[in-house]
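First the structure, in the form of structure tokens, and then the observations on it.
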Amino acid sequence: MNPVNYLYLAALLFAIGATGVLIRRNVIVVFMCVELMLNACNLAFVAFARLHGNLDGQIIAFFTMVVAAAEVVVGLAIIVSLFRSRHSASVDDASLMKL
Amino acid sequence: MSFPLLTATAALPAVGAIATAAVPAARRTAAKWLALFFSLATLVLAVVVAVRFDPDGDRYQLTESRAWISDFGVRYELGVDGIGVALIALTALLIPFIILAGWHDADPLETKSSRWRPTQGFFALILAVEAMVIISFEATDVFLFYIFFEAMLIPMYFLIGGFGDRAHAGSDEKASAQRSYAAVKFLLYNLVGGLIMLAAVIGLYVVAGNFSLQEIAEARANGSLDMATNTERLLFLGFFFAFAVKAPLWPLHTWLPNAMGEATAPVAVLITAVVDKGGTFAMLRFCLQLFPEASKWATPAILVLALISIIYGALLAVGQRDIKRLVAYASISHFGFIILGIFAMTSQGQSGATLYMVNHGLSTAALMLVAGFLISRRGSRLIADYGGVQKVAPVLAGTFLIGGLATLSLPGLAPFVSEFLVLVGTFARYPAVGIIATFGIVLAALYTLVLYQRTMTGPVKPEVASMPDLKVRELAVVAPLIALLIVLGVYPKPVTELVNPAVKHTMSDVQKKDPKPEVEAAK
Amino acid sequence: MIALLVAAPLLGAAVLLCGGRRLDRVGHWLGTALAAVSFVIGLVLFTDMLGKGAEDRTLNQHLFSWIPVEGFQADVAFQLDQLSVTFVLLISGVGTLIHLYSIGYMEHDERRRRFFGYLNLFLAAMLLLVLADNYLLLYVGWEGVGLASYLLIGFWQHKPSAATAAKKAFLVNRVGDMGLSIAIMLMFTTFGTFAFGDVLEATGETGEGKLTAIGLMLLLAACGKSAQVPLQSWLGDAMEGPTPVSALIHAATMVTAGVYLIVRSGEIFNAAPDAQLAVTVVGAVTLLFGAIVGCAKDDIKKALAGSTMSQIGYMILAAGLGPIGYVFAIMHLVTHGFFKAGLFLGAGSVMHGMNDEVDMRKYGGLRKYMPVTFVTFGLGYLAIIGFPGLSGFFSKDKIIEAAFAKGGTEGWILGSVALLGAAITAYYMTRVMIMTFFGEKRWEPDAEGKQPHPHESPKSMTIPMILLAVGSVCAGGFFSIGDRFMHWLEPVTHHDHGDSPLSAATVTGATMVVLVIGVTLAWLQYGRRPVPSVAPRGSLLTRAARRDLLQDDFNHVVLVRGGEHLTRSLVYVDHTLVDGVVNGTAASVGGLSGRLRKLQNGFARSYAVSMFGGVAVLIAATLLMRAV
């Protein structure tokens, strides 16, 4: 199969994720969309590794997974504490830091 | 390495500031005495510096040099020439008087106990300003100078914004708003100047490769460092702008009347007599040394601005209704004289300008501090609220008059010597400028005497009828200042001897010679 | 020794002004004693000088180097020669007498100690002025006397009029001082020095233009200090000061400093005929101006002030004549010092007895009540109008002669003006005399309803008056017989007889004629008819003269009002324009940032949009760059 197709898929996934981040209000969904975007990148990296015939892309994909795992830990913790204090999981409610 | 005298002189007030700030809140009086002690100890060190300095020796003496940020060639380099010594001595001398005069300015108000007035903070900030001012007079590294030149804005900001006249403090929302307006204005003006200077400092580094004043000046002098004409001019303007804001030169002066009007009298003295001297000092040291050609290029424009400052400041002083703002505008006029003297590029002008910095410090301090005592008695800054004080408090009126006479440069008092030198120096090269500047002395007489007449003479106003005369503490502030004004007016030789060699160096930096008298030139 | 002359009164001033209340009881004696010390030292130096040959009478004393700066040398150094010793004796002599007089005059003033402190300060400054050996030190004395004059005119500060008069005097003087400082600067750039000796010797080495400029600037200075047109307006107001002050400062000594300055700078003026001409014109105009003002004033002190102006006009005129006139200028100065001080002290004595009333229309018939005052004042009167044999006769006559001797049309004009002045002098002085001492009593109770009880003043006041009267009678004759004064001053000022178109006898005859005319006119107007106690409206000229020939009105409209408008509008400009530009910039930056702030709305998703947008733009840009 043509590896370029994987790239199209990755682009599609990334676009879906980005749209989700932008239009969804629920923090959990936004969070999942971010994960989706990360995975789209992973897919692209792996596809490129295959295309170029070296392992650099795959290694970076592993790094990304580690980072994504760390992000999930921190992110979920923030979401939980946010939900506790505000009783809502909407991103727009957390706007205290604005000037 | 010998004892780092210059570092010690600058560090001592810094230590004092920390120590004063650390005194527990309840022991207010102890903090005051501590601050006074440290300021006096600094004075002693400054005297040692002055004694150790040999006017006929090297240009920069008591030098210290250590690597600091070696990646960028920033060094911790200190050194003083005669001008620096004179100004360090002035600073160290004035601070004890400022502290003593502001003894009760930061006491908590009995009527409004809710507003906490950090007495310790007030004195600590004054000492902090002293430390920074002294080190900026000592720095021979451009970057080091820049840092402290800017850093002194921070304590000054809090001094202006945080401590107003007791007459108004906390009692009045409007006064408080005006005060913070003044403080912000002060900060913004000087920050903008500072930012532009920062750009010029970086530009200088790009061109010269290091920040050392001596190295760059030397390289400039022996031709190994060439600057394109435009580069030099741009860099010069960058530096000059910052100094002109601080000096303050027309039309960048409008922050001064606000700041001096809203601050307490001792802080106002701190601004005009000490901090602002940094601007004129830096013009002499940095602008002329680093950019001699550009300085000469800009001279005509600067002379015109200085002339405008002189006349304009004096005219506005005549029109003021507020005692402290009047003194502020008078100071603007005097700074015009100083800048005129610097850029006339004659020995007399520059010696006069340096002397002027010292003498203006003393005379403004005397006038402003007495005005502060007066204001604290009546609780108003408006000239119209006074009248006939002379009859009720003759000593106060007498000292006020002497301060005023010093401001109008009466011969026999110190400012006359410097003003005359500036005028002669300017006249020798630019006769027309000298003559116009001479009008300043008539206007100076006008605003001083109008102020004295309206406040001190005439029938006694009922509100001032029970005004007490100067107290011992207040007299202890004013009397030495007046004595110094008289001594330096009659015998200015100690200061001129200190300053002359430094001026000679500056003159050779800009490669200018004094114009010869006509009779000699003809021979 | 010379320094002691200045130091003694200076010490007195310092002690009296800083000493506090403890000195209240002895202060006036201390002040008087120190003035006397100066006089004695002056006498010693004078006799010492008499013992030497005419050529080596100049004494120099270098105290210390004052302002040592590269290429600039100012020293504190004194020079005592025949000219300055003459002044020293006049200043300290008359000064001591007036100190003595003030003890009585100021007896009831609680601030008497301070008054004496100021008087001592004045003496010190004035002595410094005449003893300095360079123009810069002279300038110190010059402004020093200005300060003392300011303090003394405004001595009764609780009166707003006094405070205003003091301020005015200082300001007008400052304008003159400006002239002096420009003159010094010119000397510095021309000669490289401003020591008398060096400057005056080098006058030949520069062009006439420079010298004329210097001369005109010196003249401006002299106009300020000596109350000459156009800077004369302060002198009349200065009469707000206590009378001894008017006598000492505003008649005998300080106001003559301008004459000293011009005579001292004789070499400069000799080499600059245009400047000299200006000096004579100023002198001639002022002598008429002062005399006319003197005729119209009802205030006895202001009438005398007008007279002072006019007499100094004579001196300036003489000084402007060059070597023909220098000696006579100084001679008239000295004799004037005697008789005018005497007249003022007499006026003070009259006021002392009349509850401080100054309006002559409310005097009259005082000769019986104050005999000593009457006699001394009368002798002063005879001296000033130039009655034969008295001081004024000798000195004024010589000036008129010298004016004619100037030669040419100029000589005729100046001489005639001087003659006319003599006639007017005779007129207004007779008027003062008659209105004060003769005629009906026109006394009126003062503001508090107290009826005046004229009485003779105490001894401490009459003794100085008597001594001054003796001076007014004898000084002129003493100086003129055998031309003593001329020979005395000649080594310093030089002398030149000029060639008068008229003989000395003719001039003297003419002077006598105009004198008689003046006195007769005054007698016809004030002696024969009763003097109305309210001033009649008078002619246009009289009304103008009462208001100092409208000069004050001019100043008020042009300078005061104009200045007020200027400063007001500048304050406005500073606030709105200069400050406005900066504040406007600040406001627009603030507005911009306010709008930018709205971008930070706190919605995470909108931040994300901008992030995406930004990344997209960056990528697009990168691609584009690649493609290019």
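The values are calculated or read from the model by the stated rules, or taken from the named source; none is laboratory data. What you are looking at is a predicted structure, and each value in this text was computed from that prediction instead of being measured. Neighbour counts are summed over all protein chains in view; Cβ atoms, including those assigned to glycine, are modelled from backbone coordinates with ideal geometry.
Looking at the structure I just gave you, is B:Leu315 within 14 Å of chain C (Cβ to nearest Cβ), outside any helix (DSSP H, G or I) and modelled with pLDDT of 85 or more?
On the way: within 14 Å of chain C (Cβ to nearest Cβ): yes; outside any helix (DSSP H, G or I): no; modelled with pLDDT of 85 or more: yes.
Taking the combined requirement at face value, the residue does not satisfy it.
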field: Residues satisfying the stated conditions in segment C:187-217, i.e. more than 9 Å from chain B (Cβ to nearest Cβ) and charged (D, E, K, R)
entry: C:Asp198, C:Glu201, C:Glu208
query: What are the residue pairs meeting all of these: first residue in segment C:456-468, first residue closer than 17 Å to C:Val94 by Cα and buried (at least 16 other Cβ atoms within 10 Å of the Cβ), second residue modelled with pLDDT under 90 and β-branched (Val, Ile, Thr), Cβ atoms under 6 Å, and 6 or more apart or on different chains?
result: C:Ser460/C:Ile103; C:Thr462/C:Val372
- prompt: What are the residue pairs meeting all of these: first residue in segment C:311-329, first residue surrounded by fewer than 24 Cβ atoms within 10 Å (Cβ to Cβ), second residue polar (S, T, N, Q), Cβ atoms under 8 Å, and 6 or more apart or on different chains?
  reply: C:Gly322/C:Asn270; C:Gly322/C:Gln276; C:Pro323/C:Asn270; C:Pro323/C:Thr493
query: How many of the residues in segment B:490-516 are facing chain C (nearest Cβ under 8 Å), part of a loop (DSSP other than H, G, I, E, B) and surrounded by fewer than 20 Cβ atoms within 10 Å (Cβ to Cβ)?
result: 4
message: For segment B:411-420: of the residues being buried (at least 24 other Cβ atoms within 10 Å of the Cβ) and assigned to a loop (DSSP other than H, G, I, E, B), which is farthest from the other protein chains (Cβ to nearest Cβ)?
response: B:Leu413
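Picking from C:Ser161, C:Ser181, which residue would you name as being of a type outside the set (Phe, Trp, Tyr), in a helix (DSSP H, G or I) and modelled with pLDDT of 90 or more?
Working: C:Ser161 fails: modelled with pLDDT of 90 or more.
Result of the check over C:Ser161, C:Ser181: C:Ser181.
Is segment C:520-540 home to any residue that is of a type in the set (Lys, Arg), under 30 Å from B:Ile332 (Cα atoms) and out of contact with any helix residue (DSSP H, G or I) (no Cβ under 7 Å at 6 or more places or on another chain)? So that I can check it myself, show each step before the final result.
As a first pass, look at segment C:520-540 and keep what is of a type in the set (Lys, Arg): C:528-529, C:537.
Adding the requirement that they be under 30 Å from B:Ile332 (Cα atoms) leaves none.
No; the residues of segment C:520-540 include none that is of a type in the set (Lys, Arg), under 30 Å from B:Ile332 (Cα atoms) and out of contact with any helix residue (DSSP H, G or I) (no Cβ under 7 Å at 6 or more places or on another chain).
For B:Thr20, state whether it is surrounded by fewer than 19 Cβ atoms within 10 Å (Cβ to Cβ), of a type in the set (S, T, N, Q), modelled with pLDDT under 90 and part of a helix (DSSP H, G or I). So that I can check it myself, show each step before the final result.
Values: surrounded by fewer than 19 Cβ atoms within 10 Å (Cβ to Cβ): no; of a type in the set (S, T, N, Q): yes; modelled with pLDDT under 90: yes; part of a helix (DSSP H, G or I): yes.
Criteria not met by B:Thr20.
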task: Please go through segment C:238-275 and pick out each residue that is among the polar types (S, T, N, Q) and closer than 21 Å to C:Leu128 by Cβ.
output: C:Thr253, C:Thr256, C:Ser265
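With respect to B:Ala221, determine if the residue is touching a helix residue (DSSP H, G or I) at 6+ places or on another chain (Cβ under 9 Å) and over 30 Å from C:Ala587 (Cβ atoms). Spell out the reasoning first.
Numbers: touching a helix residue (DSSP H, G or I) at 6+ places or on another chain (Cβ under 9 Å): yes; over 30 Å from C:Ala587 (Cβ atoms): yes.
Here the answer is yes, as B:Ala221 does meet what is asked.
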Out of C:Leu63, C:Leu59, C:Leu80, C:Leu97, sole residue that is of a type outside the set (Gly, Ala, Ser) and within 22 Å of the chain's Cα centre (by Cα): C:Leu97
query: Across segment B:224-256, what is the number of residues that are in contact with a helix residue (DSSP H, G or I) (Cβ under 6 Å, 6 or more places away or on another chain), within 19 Å of B:Phe149 (Cβ to Cβ) and in a helix (DSSP H, G or I)?
result: 12
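Quick check on B:Leu36: is it surrounded by fewer than 20 Cβ atoms within 10 Å (Cβ to Cβ) and modelled with pLDDT of 85 or more?
Values: surrounded by fewer than 20 Cβ atoms within 10 Å (Cβ to Cβ): yes; modelled with pLDDT of 85 or more: yes.
So B:Leu36 fits the description; yes.
Can you name every one of the helices (runs of 4 or more DSSP H) wholly within segment C:540-628 that holds 1 or more residues which are more than 14 Å from every other protein chain (Cβ to nearest Cβ) and loosely packed, with under 13 Cβ neighbours inside 10 Å?
Numbers: elements: C:540-546, C:551-554, C:562-573, C:579-599, C:604-627.
Hits in segment C:540-628: C:540-546, C:551-554, C:579-599, C:604-627.
Looking at segment C:275-293, can you tell me whether even one residue there is over 27 Å from C:Ile324 (Cβ atoms) and aliphatic (A, V, I, L, M)? So that I can check it myself, show each step before the final result.
Restricting attention to segment C:275-293, the residues satisfying the condition of being over 27 Å from C:Ile324 (Cβ atoms) are C:293.
Restricting the remaining residues to those that are aliphatic (A, V, I, L, M) gives C:293.
Yes: segment C:275-293 contains one or more residues that are over 27 Å from C:Ile324 (Cβ atoms) and aliphatic (A, V, I, L, M).
How many residues, within segment C:65-78, are facing chain B (nearest Cβ under 7 Å) and either surrounded by 21 or more Cβ atoms within 10 Å (Cβ to Cβ) or without any contact (Cβ under 8 Å) to a residue 40 or more places away in the chain (or both)?
Of the residues in segment C:65-78, the ones facing chain B (nearest Cβ under 7 Å) are C:65, C:67-72.
Within this subset, residues satisfying the condition of being either surrounded by 21 or more Cβ atoms within 10 Å (Cβ to Cβ) or without any contact (Cβ under 8 Å) to a residue 40 or more places away in the chain (or both) are C:65, C:67-70, C:72.
Final tally of qualifying residues: 6.
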query: Only one of (1) free of Cβ contacts under 8 Å to residues at least 12 places away in the same chain; (2) buried (at least 24 other Cβ atoms within 10 Å of the Cβ) is not met by B:Ala259, so which one is it?
result: (1)
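Among the residues of segment B:421-443 satisfying the criterion of being within 23 Å of the chain's Cα centre (by Cα) and more than 7 Å from every other protein chain (Cβ to nearest Cβ), which is farthest from C:Gln73 (Cα to Cα)? Working first, answer last.
Filtering segment B:421-443 for residues within 23 Å of the chain's Cα centre (by Cα) gives B:421-426, B:437-438, B:440-441, B:443.
Then keep just the ones that are more than 7 Å from every other protein chain (Cβ to nearest Cβ); that gives B:422, B:425-426, B:437, B:440, B:443.
Numbers: B:Val422: 14, B:Gly425: 13, B:Thr426: 16, B:Ala437: 22, B:Gly440: 24, B:Leu443: 28 Å.
Result: B:Leu443.
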- prompt: Identify, please: which residue in segment C:129-176 is more than 30 Å from C:Val199 (Cα to Cα) and among the basic types (Lys, Arg) and is, among those, nearest to the other protein chains (Cβ to nearest Cβ)?
  reply: C:Lys167
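Given B:Ser409, B:Ser380, B:Ser376, which one is among the hydroxyl-bearing types (Ser, Thr, Tyr) and in contact with an Asp or Glu (Cβ under 7 Å, 6 or more places away or on another chain)? Step through it out loud before you land on a result.
Working: B:Ser380 fails: in contact with an Asp or Glu (Cβ under 7 Å, 6 or more places away or on another chain); B:Ser376 fails: in contact with an Asp or Glu (Cβ under 7 Å, 6 or more places away or on another chain).
None of the other options fit; the residue is B:Ser409.
Matching residues to (1) crowded, with 16+ Cβ neighbours inside 10 Å; (2) among the hydroxyl-bearing types (Ser, Thr, Tyr); (3) over 30 Å from C:Met360 (Cβ atoms):
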| site | (1), (2), (3) |
| --- | --- |
| C:Met486 | yes, no, yes |
| C:Glu490 | yes, no, yes |
| C:His495 | yes, no, yes |
| C:Ser500 | yes, yes, yes |
| C:Leu515 | yes, no, no |
| C:Trp523 | yes, no, no |
| C:Gly527 | yes, no, no |
| C:Val534 | no, no, no |
| C:Arg537 | no, no, no |
- prompt: Of the residues that sit in segment B:237-256 and are surrounded by fewer than 24 Cβ atoms within 10 Å (Cβ to Cβ) and over 14 Å from B:Asn190 (Cβ atoms), which one is nearest to the chain's Cα centre (by Cα)?
  reply: B:Pro251
field: Near pairs, Cβ below 6 angstrom, 6+ apart or cross-chain, from segment A:19-31 (more than 10 Å from chain C (Cβ to nearest Cβ)) to any residue that is in a helix (DSSP H, G or I)
entry: A:Gly20/A:Cys33; A:Phe31/A:Gly75
message: When you scan segment C:79-92, do you find a residue that is crowded, with 20+ Cβ neighbours inside 10 Å, more than 14 Å from chain B (Cβ to nearest Cβ) and in a strand (DSSP E or B), even just one?
response: yes
task: Among the numbered conditions (1) surrounded by fewer than 23 Cβ atoms within 10 Å (Cβ to Cβ); (2) farther than 24 Å from B:Ala444 by Cα, tell me where B:Ile311 comes up short.
output: (2)
query: Could you list, in sequence order, the residues of segment C:254-301 that are more than 15 Å from C:Leu321 (Cα to Cα) and part of a loop (DSSP other than H, G, I, E, B)?
result: C:Lys297, C:Asp298
task: May I ask you to list the residues in segment B:461-489 that are crowded, with 16+ Cβ neighbours inside 10 Å, at the interface with chain C (Cβ under 10 Å from one of its Cβ atoms) and over 30 Å from C:Gly71 (Cβ atoms)?
output: none
- prompt: Out of segment B:61-98, which residues are aromatic (Phe, Trp, Tyr) and over 15 Å from B:Ile135 (Cβ atoms)?
  reply: B:Phe72, B:Phe97
